[in-house]
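See below for the structure under consideration.
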Amino acid sequence: MSRLQVVSGKGGTGKTTVAAALALALATEGKRTLLVEVEGRQGIAQLFETEALPYEERKIAVAPGGGEVYALAIDAELALLDYLQMFYRLGGAGRALRKLGAIDFATTIAPGVRDVLLTGKACEAVRRKDKRGRYAYDYVVMDAPPTGRITRFLNVNDEVAGLAKIGPIHNQAQAVMRVLKSAETSVHLVTLLEEMPVQETLDGIAELRAAGLPVGRILVNMVRPTLLDGPVPDGVKRTEIARELSRAGLGGARKGGLAEQLVEPLLAQAAEYAERIALEQEQRAELAEPGLPVHELEFLSEGIDLAGLYRLATTLRRQGVS
Amino acid sequence: MTLDVPPTLAVDPLLDDPKTRIIVCCGAGGVGKTTTAAALGLRAAERGRKVVVLTIDPARRLAQSMGIDSLDNTPRRVKEIEGDGELHAMMLDMKRTFDEIVEAHADAERARAILENPFYQSLSAGFAGTQEYMAMEKLGQLRARDEWDLIIVDTPPSRSALDFLDAPSRLGSFLDGKFIRVLMAPAKVGGRAGMKFLNVGMSMMTGTLGKLLGGPFLKDVQTFVAAMDTMFGGFRTRADATYRLLQAPGTAFLVVAAPERDALREAAYFVERLAADRMPLAGLVLNRVHGSGAARLSAERALAAAEALGAPDGPDPAGPDGPVENHETGGIVDQEGGKEEVRTPPEPHDSPETPATELTAGLLRLHAERMRLLSREQRTRDRFTALHPEVAVAEVAALPGDVHDLAGLRDIGDRLASGGRPV
C-alpha cells in the first residue's frame, strides 16, 4: 500500500472529508497517519472541530484500536523559511526578505515554487524516520487541490526542475518527483454520482495517467440509500394510493380529500427520484470504465461531524481501503 | 420555522436595466457558478440585450449546451437565440491573453524576447494568480471594446474564492514593486544614501535566491524583467483600473451558492469581503434548492403513516414476491384458505398487503427523506440570513440532471427570475 495517499476531487464533492476519513481508516492497529492540508483553508480544523491548525504537526484524533491521526496545515511561506533555515541557516534573514517582497515573490508568483514547497514538505514527512530507523508516519494523506489542478500541482516539480536547471530547488524538485511518480504514491479522486463531477474525474484520470502519476481509487461520496425499488409501476391506480394513504390516517381518499391531494405531489417526487436513480446508474457505469477500484461512501444526512467521520472511516476500512 | 425572510432578488430588473454593464458571478467551486452565468446571459439576451459571457473553465457539456463545441479566447455568437438580443460566449485562455498584452505593448523584437523567455512561459501558463489576473484583464478589454451592453463574468475556481480580487494587485505590485527594481539594478540601490539596510538585504537575497533557484533561473527572471520594463507601469495602472471598474456603478456582484453548509459559509465570507472592498453586491443566487408539493405532511407523520401501513422497512431485498415479514408474536396463520399466509396483527389495520400498500409506504418514506432535506436546507439558509439579513436571495429549484441545451439553460433562467420558493 502506498505511503503517500493524495486525495483530489471536484470542488463540492467533499474531498477534505474523504481525506480525513481515509486518514482515520489508515490509522488502525496502532498505526500513525499524518493528514496534510495544502490550500490554507483550515478545512481539517473545521472538520475535527478544533481551532485553526498551526504550521506544526499535531495529534487531532485517535482511531479505534489505538491508531493516531496527526494533522498539518502546510504554509508555503513558513515552509520556505523553514527550508532556508534548514539548508542555509538563514532563518533570521526571513524578515528582511519578506520586507523586500522576496518571500511573497517566491511563494505566490514565482512559477511553481509554491507547489514545490507544498509537495516537498509532504514528501519529507513520508520519508522521515525516527531515531530507531522507523518511519515517523505509516501513511501521509494529502487533502490536495481539486481535480482541475491536481496534475499540474503534482507535476509542477517536473516543470520547475526544467526551469531551475541547477541548485537546491532543482534537486528538491527532482527528489519530490521521484516519490510522486513511484509506487509510494497513490492519487485518489473523489466524485459524486452526478454528470459533471464524473466527467471531471474521468478527465482527471486521463491527465494523471498521461503525466505518469499513479492513480489509485475512485471514491464516490454522498451515495444515498435506495428508498424505492425502481420507477412507479404503471398498474397501480391513483385511487388505490389515495385509499392506502387514507388507511394510514392521512385524510380522505375521495377527490379533494387530504389524502387524495397528496397523491400527485408524492408521485412527482417518485418520478424525480427514479430519474435520479437512473442517472446515477449511468454514472456508475462510466466510473467503471477506467478499471480502477471504486468505493462508495454513504451520504450522512445530518451533515459531517466527528461521529460521521468515524462512520465513513469504518466504511472505508470495511471495503478494504486500509 | 423561518424567523426572517430575506428580500427576493429581482433578476429581471437587474438584467433589463441598461445601466447594468457587468455582472460578476462568484462563489465556491461546485455550486453551479458557470451554469448560472450562462443562464443569466441567455435570459438577458432573450430580453433584448447584447451580452457576452466570459467563462473561465466551463464543462464541455455547458459549452455544448450553447451550441459551441469548444469555446476559445474570442467571443463566439450563440445561435438560436429568441428575440432581438445577442449572446456571445467565450472561454478565457490565459496564456493567449497574456501573450496579447505583450504583443500589444512591446515592439516585435522585444515581444519575441519576452514570449521566448522560459520564466515568462511558466508564468503565463497559469501559475498562482495568473488566471485571476488574466480574467480581470480580459474583463477590462471586453469593457473597453464597448461592443456589448452587458458582460457576465464567471470567476476562476481559486484556492481561495476571492483570489481574483487580490491577484491583480499582487501581480501588479510585484511587477513594479521594490523587489523587481532590486533584481534589475542592484548597483543603483546600493549607491543611494540611507539604503544600507536594503543593500544588505538585497545582496543576501539575490545570493540566496540564486542559490535556491539556481543561477540560470534568476537570470531568466532578470532578462524577463528587463524585457518587460516598459510595460510595468502599465500593469499596475491596468490592475488598478480593473479594480475600480468592479467598484463602479453598473457592476453587480452575484454570490452563487448551494444550500449546503460549506458553500454558504463561503458565500457569507464573500459578502463580507465584497462589502470591505466596497464592491456592489446585488444578491445571492441559491442553486439546487429542494421543494415539495406536499410540504404540509411532515417527515415524522409520513414515516408514522408508512409504518402504519405495515410494509417492511425499506425496499425488500427479495423483491415484491419475496417472503412477507414474519411477526414473532401475534402472527396469525390462516389455515382456512387452504394456503399458509402470514397476516399483520390487527393493530393498526388488518387488510392484506397489496402492491399499492408497499408502493405507498415507499412514497411516504421518500417524502420523509425529502422533508428532512428541506429542513436541513432551511437551517443552513437561516444561518446565512441571520448573518446577512439584508442580502436579497434568488432561489433556483434543483434539477434532477445536468443542463444539455439552450432549453435547459432557459429553464434555469426562468427559475432564477421567479426567484421564490420552488414548488
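Taking amide hydrogens as placed 1.01 Å from N in the peptide plane, the amide H of A:Val223 sits under 5 Å from those of A:Leu297, A:Glu298, A:Phe299, each at least 5 positions away in sequence or on another chain. Dipole size of region B:2-121 about its Cα centre, with +1 on Lys/Arg Cβ and -1 on Asp/Glu Cβ: approximately 160 debye, rounded to the nearest 20.
Could you pull out every whole DSSP H run in chain A that spans at least 15 Å of Cα extent along its own axis and averages -0.5 or higher on the Kyte-Doolittle scale? What comes out of the filter, once short or polar helices are dropped, is A:15-26, A:76-88, A:113-127, A:147-163, A:168-180, A:195-210, A:258-288, A:306-318.
Restricting region A:130-213 to trypsin sites (Lys or Arg not before Pro) that sit in a DSSP loop and have at most 16 other Cβ atoms within 10 Å of their own Cβ leaves A:Lys131, A:Arg132, A:Arg134, A:Lys165. In order along region B:401-406, phi translates into HN-Hα couplings of x, 8, 7, 10, 8, 4 Hz, rounded to whole numbers, per the Karplus curve 6.51 cos²θ - 1.76 cosθ + 1.60 with θ = phi - 60° and x for Gly and Pro. Estimate the FRET efficiency between A:Ala307 and A:Arg209 by the formula 1/(1 + (r/R0)^6), using the beta-carbon distance for r and 35 Å for R0, to the nearest 0.05. Efficiency for this residue pair is about 0.45. For chain A, the share of DSSP beta bridges that are antiparallel, to the nearest 5, is 15%.
Applying the Karplus relation 6.51 cos²θ - 1.76 cosθ + 1.60 with θ = phi - 60° to region B:276-288 yields 3J(HN,Hα) values of 4, 8, 6, 9, x, 8, 8, x, 10, 9, 9, 7, 6 Hz, where x marks Gly and Pro. The residues packed around B:Met91, meaning those with a beta-carbon under 12 Å from its beta-carbon, carry a net charge of -1 if Lys and Arg are +1 and Asp and Glu are -1.
Other residues with beta-carbon under 13 Å from the beta-carbon of B:Leu62 carry, at +1 per Lys or Arg and -1 per Asp or Glu, a net charge of -4. Only the Cβ atoms of Lys and Arg (+1) and of Asp and Glu (-1) were treated as charged; on that basis the dipole of chain A about its Cα centre amounts to roughly 1200 debye. Per-residue ellipticity at 222 nm computed for chain A from its helices equals -15000 deg cm²/dmol, with DSSP H segments shorter than 4 residues left out and the rest contributing -39,500 (n - 2.57).
Can you bin region A:253-322 into rounded, prolate or oblate? Criterion: square roots of the alpha carbon gyration tensor eigenvalues sorted a ≥ b ≥ c, rounded for a/c under 1.5, prolate for a/b above b/c, oblate for the rest. Here region A:253-322 falls in the oblate category. Each of A:Val220, A:Val190, B:Val289, A:Val6 was scored by other Cβ atoms within 10 Å of its Cβ. Listed from fewest to most, they are B:Val289, A:Val220, A:Val190, A:Val6. Of the trypsin sites (Lys or Arg not before Pro) in region B:25-97, the ones in a loop by DSSP (not H, G, I, E or B) with at most 11 other beta carbons within 10 Å are B:Lys79. For B:Lys50, a cut-off of 12 angstrom between C-alpha atoms picks up these aspartates and glutamates, skipping any fewer than 8 places away in its own chain: B:Asp16, B:Asp84, B:Glu86, B:Asp146, B:Glu147, B:Asp149. Projected label points at A:Gln281 and A:Ala136, each 7 Å from Cα along the beta carbon direction, are separated by 5.1 nanometres. Within 10 Å, Cβ to Cβ, of B:Val31, how many net charges do the neighbouring residues add up to if Lys/Arg are +1 and Asp/Glu are -1? Result for the neighbourhood of B:Val31: -1. Taking amide hydrogens as placed 1.01 Å from N in the peptide plane, the amide H of A:Arg32 sits under 5 Å from those of A:Glu68, A:Asp138, A:Tyr139, each at least 5 positions away in sequence or on another chain. Karplus-based coupling profile of region B:46-57, in residue order and whole Hz: 6, 9, x, 9, 9, 10, 10, 10, 9, 9, 9, 8, with θ = phi - 60° in 6.51 cos²θ - 1.76 cosθ + 1.60 and x standing for Gly or Pro. No solvent, one uniform scatterer per C-alpha: report log10 I(q)/I(0) for chain A via the Debye equation at q = 0.08, 0.09, 0.10, 0.15 1/Å, two decimals. Listed by q, the Debye log ratios stand at -0.46, -0.56, -0.65, -1.19.
Residues whose amide H lies under 5 Å from that of B:Glu395, counting only those 5 or more places away or on a different chain, are B:Leu286, B:Gly419, B:Gly420; hydrogens are built 1.01 Å from N in the peptide plane.
One chain, two ends: B:Asp107 and B:Arg60. Fully extended at 0.36 nm per residue, the span grows by 13.2 nm beyond their Cα-Cα distance. On the principal axes of its alpha-carbon atoms, region A:229-290 has extents of 53, 19, 16 Å, going from largest to smallest.
With a simple spin-label model that places each label point 7 Å from the Cα along the Cα-to-Cβ direction, the separation between A:Lys129 and A:Gln85 comes to 2.5 nm. GNM on chain A, alpha-carbon springs under 10 angstrom: the most fluctuating residue among A:Leu228, A:Leu250, A:Leu267 is A:Leu250.
Between A:Thr33, A:Thr226, A:Thr13, the GNM of chain A built on Cα springs shorter than 10 angstrom shows A:Thr226 fluctuating the most.
At q = 0.15, 0.23, 0.25 Å⁻¹, what is the base-10 log of I(q)/I(0) for region B:31-136 according to the Debye formula with one equal point scatterer per Cα and no solvent? Please give it to two decimals. Debye output, listed in q order: -0.70, -1.14, -1.26.
Quick note: the coordinates plus some simple rules give every number you see, no bench work behind them. Quick caveat, the model's predicted, so the values are computed rather than measured. Methodologically, a virtual Cβ is constructed for each residue, glycine included, from the backbone with ideal geometry; neighbour enumeration extends over all protein chains shown.
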